[in-house]
There are 2 protein chains.
Amino acid sequence: MTQITISEVGPRDGLQSVDTILSTEGKLAWVDMEYRAGVREIEVGSFVSPKLLPQMADTADVVKGARRHPGLVVAVLVPNLRGCEAAIESGAHKISIPLSLSESHSIKNVRRDHPQMLEEIARCQALVDQVAESDRPCFEVGLSTAFGCTIEGVVEEAFVVDMAARVLDLGVAEVGLSDTTGMGNPAQLERLVTGIWQQCGESALTGVHLHNTRGQGLANALKAVELGITTLDSSLGGLGGCPFAPGASGNIVTEDLVFMLESMGYSTGIDLETLLSARAEIAKLLPGEEWFGFTSAAGLPKNFAAVSLKEAS
Amino acid sequence: MTQITISEVGPRDGLQSVDTILSTEGKLAWVDMEYRAGVREIEVGSFVSPKLLPQMADTADVVKGARRHPGLVVAVLVPNLRGCEAAIESGAHKISIPLSLSESHSIKNVRRDHPQMLEEIARCQALVDQVAESDRPCFEVGLSTAFGCTIEGVVEEAFVVDMAARVLDLGVAEVGLSDTTGMGNPAQLERLVTGIWQQCGESALTGVHLHNTRGQGLANALKAVELGITTLDSSLGGLGGCPFAPGASGNIVTEDLVFMLESMGYSTGIDLETLLSARAEIAKLLPGEEWFGFTSAAGLPKNFAAVSLKEAS
């Protein structure tokens, strides 16, 4: 059975997009419930200015709390070197920095053009390299707007591959592909993934961050796992998206993604029934927010566990 | 470019599931708007007892009106021989009869077990064969609950293939695979399609009817077209589903499906912008009904047409 890592981004990508400011205890309850369902990678917050995103002000405490779960990869997002310092200090296991391939989007989002961003990434990598090897976090660059941009429209595929190569040349171990604006399609995803693999090697790209903005999330996820991608970001109830790209909303829904993968015989390590219960409980922490997804409403098919086991055998 | 036929089922599958009884003029306006967007196969109604489904009482008139559009395949659903007679009489180009592979579902849905249904199908085929060749409609059996049943749970895959073969042995030219309950996954779809192809030949199965009950619709559709399936049923706004399978709802959304296929370089013949305008107009005919889909809310990506053309070249 192929193992797929579901990287839950709800506590970061979801919570930064909603109005409710969830307490540290609430965030840790969320992490705890997903951990009990079998989720083993969770992006718990981002180290951004609390003036910009007050929802994320307690990220260091959330990292500290989440690190108590054995075997859980505690991931965070950082926009810059200062965030990276705080992330290392917090003890996060995995640190991602987004690099928007649409330069207009990059300038709008983090006020840096491409040369400035590449310089910032190099500084972050140097900082990470200073950490003792036993404690060193994974450091990854998320290539956002890789499938298109609301401002620029088309983002050239050759440019995506070229920028991936430039990032890896800085000593970064891995890039991720992000469909920030939900414009991607499975054929495009295949061209981008194989393009980067051919140019930079398969270990340079193992994860994708897909959105469901135009309903294409699971179709793209299917193509990704069939190609050999092993980490998929998703958000419980599809909470969140990118607040900076107008019209863009909706991460892929963790529950529906797990349903697809487990039914197909992939192993996510996640118990779907426990995950659906977690969704119901976590939704209570965020009254008034819009939750997406279909499996939670329809419920699991009769004898679903038996089918999964059969597929697995 | 691979041509894919989108068979719009909203005027049948959608309207039979909602409370509003749309007038004949309203239905023909719906057909007309989708025709103008480039849709060339529409299931316009079903010949069922008007006591059971008063929404479908005017199907003969809708067929008559829809036949005015050159090149449009006017399709209908029939539950039995009597419906088949009426369908032939109306001049429908394509007639489908569902055969539920879950016998419990079949008995609950049409009060017939499998031997009775096979007998009814044979009678329908004989009736179709009596029509002069120039006017003879296509007659097709939709294998419903082929991916699982809310009552019986698992439907054995070998049984699906076996029943397909038994139907084809009656002289029926083609079967379709229906995920009535939205339990299907892409791996299962691949096994079922290739199983039927190996047993009965590829011309025996060219179309699938998928539901989005657990969010898997487009992932299954992607797998289907990659295998070589050339006709996909879908419903504008995802209207409808199966009213007889508790918990089952939600056809795949025509707009989101067309977005996927056209972005990937498949040719549907449909202009997505016109289709989105049609959705907005048709939704006005059905106030208070729930419409699904994401492309309509997000809008087309900037320079979408240019991208499609590029993919096509």
**Complete:** Among A:Arg214, A:Arg191, the single one that is among the basic types (Lys, Arg), more than 14 Å from the chain's Cα centre (by Cα) and either at pLDDT 95 or above or surrounded by fewer than 24 Cβ atoms within 10 Å (Cβ to Cβ) (or both) is A:Arg191
**Extreme residue, surrounded by the most Cβ atoms within 10 Å (Cβ to Cβ), among residues of region B:249-294 that are part of a strand (DSSP E or B) and under 17 Å from the mean Cα position of the chain (by Cα)** = B:Asn251
**Item:** Residue check, A:Phe294 within 12 Å of chain B (Cβ to nearest Cβ) and in contact with an Asp or Glu (Cβ under 8 Å, 6 or more places away or on another chain)
**Value:** yes
**Prompt:** Quick one: what pairs do we get from region A:270-296, first residue of a type in the set (D, E, K, R), second modelled with pLDDT under 90, C-beta under 7 Å, 6+ apart or different chains?
**Reply:** A:Glu289/A:Val18; A:Glu289/A:Thr20
**Message:** Given the criterion touching an Asp or Glu at 6+ places or on another chain (Cβ under 6 Å) and either within 14 Å of another protein chain (Cβ to nearest Cβ) or at pLDDT 95 or above (or both), identify the matching residue among B:Glu255, B:Glu174, B:Glu281.
**Reply:** B:Glu174
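Only one of these is in contact with a Cys (Cβ under 6 Å, 6 or more places away or on another chain) and in contact (Cβ under 8 Å) with a residue 40 or more places away in the chain: B:Thr150, B:Thr180, B:Thr230. Name it. Even if it seems obvious, please write down each step before you answer.
On the way: B:Thr150 fails: in contact with a Cys (Cβ under 6 Å, 6 or more places away or on another chain); B:Thr230 fails: in contact with a Cys (Cβ under 6 Å, 6 or more places away or on another chain).
Of B:Thr150, B:Thr180, B:Thr230, the one residue that is in contact with a Cys (Cβ under 6 Å, 6 or more places away or on another chain) and in contact (Cβ under 8 Å) with a residue 40 or more places away in the chain is B:Thr180.
Could you tell me whether A:Ala306 is at the interface with chain B (Cβ under 9 Å from one of its Cβ atoms) and either on the phi < 0 side of the Ramachandran plot or at pLDDT below 95 (or both)?
Criteria met by A:Ala306.
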**Prompt:** Taking B:Gly215, is it within 13 Å of chain A (Cβ to nearest Cβ), in contact with a strand residue (DSSP E or B) (Cβ under 9 Å, 6 or more places away or on another chain) and without any contact (Cβ under 8 Å) to a residue 24 or more places away in the chain?
**Reply:** yes
**Fill in**
Looking across region B:31-53 at residues that are farther than 15 Å from B:Gly240 by Cβ and in contact with a strand residue (DSSP E or B) (Cβ under 7 Å, 6 or more places away or on another chain), the single one that is surrounded by the most Cβ atoms within 10 Å (Cβ to Cβ) is B:Val39
**Asked** Is it true that A:Ala224 is within 12 Å of chain B (Cβ to nearest Cβ), closer than 14 Å to A:Ser178 by Cα, at pLDDT below 95 and out of contact with any Gly (no Cβ under 6 Å at 6 or more places or on another chain)?
**Response** no
**Fill in**
Scanning region B:123-132 for residues that are surrounded by fewer than 16 Cβ atoms within 10 Å (Cβ to Cβ) and closer than 15 Å to B:Leu168 by Cα gives B:Arg123, B:Ala126, B:Asp129
**Asked** Is it the case that A:Ser313 is more than 8 Å from chain B (Cβ to nearest Cβ) and either over 20 Å from the mean Cα position of the chain (by Cα) or modelled with pLDDT under 95 (or both)?
**Response** yes
**Item:** Complete set of residues in region B:177-209 that are within 14 Å of chain A (Cβ to nearest Cβ) and part of a helix (DSSP H, G or I)
**Value:** B:Pro186, B:Ala187, B:Gln188, B:Leu189, B:Glu190, B:Arg191, B:Leu192
**Complete:** Flagged in region B:139-153 as of a type outside the set (Ser, Thr, Tyr) and either away from chain A (no Cβ under 11 Å) or under 14 Å from B:Leu189 (Cα atoms) (or both), in numbering order, are B:Phe139, B:Glu140, B:Val141, B:Gly142, B:Leu143, B:Ala146, B:Phe147, B:Gly148
**Item:** Subset of region A:230-246 [crowded, with 24+ Cβ neighbours inside 10 Å, away from every other protein chain (no Cβ under 12 Å) and at pLDDT 95 or above]
**Value:** A:Leu232, A:Asp233, A:Ser235, A:Leu236
**Message:** Any residue that is modelled with pLDDT of 95 or more and more than 22 Å from B:Val63 (Cβ to Cβ) - is there at least one of those in region B:121-131?
**Reply:** yes
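The values are calculated or read from the model by the stated rules, or taken from the named source; none is laboratory data. Everything numeric here is computed off the predicted structure, so don't read it as measured data. All Cβ positions, even for glycine, are placed from backbone atoms using ideal geometry, and neighbour counts span all protein chains on display.
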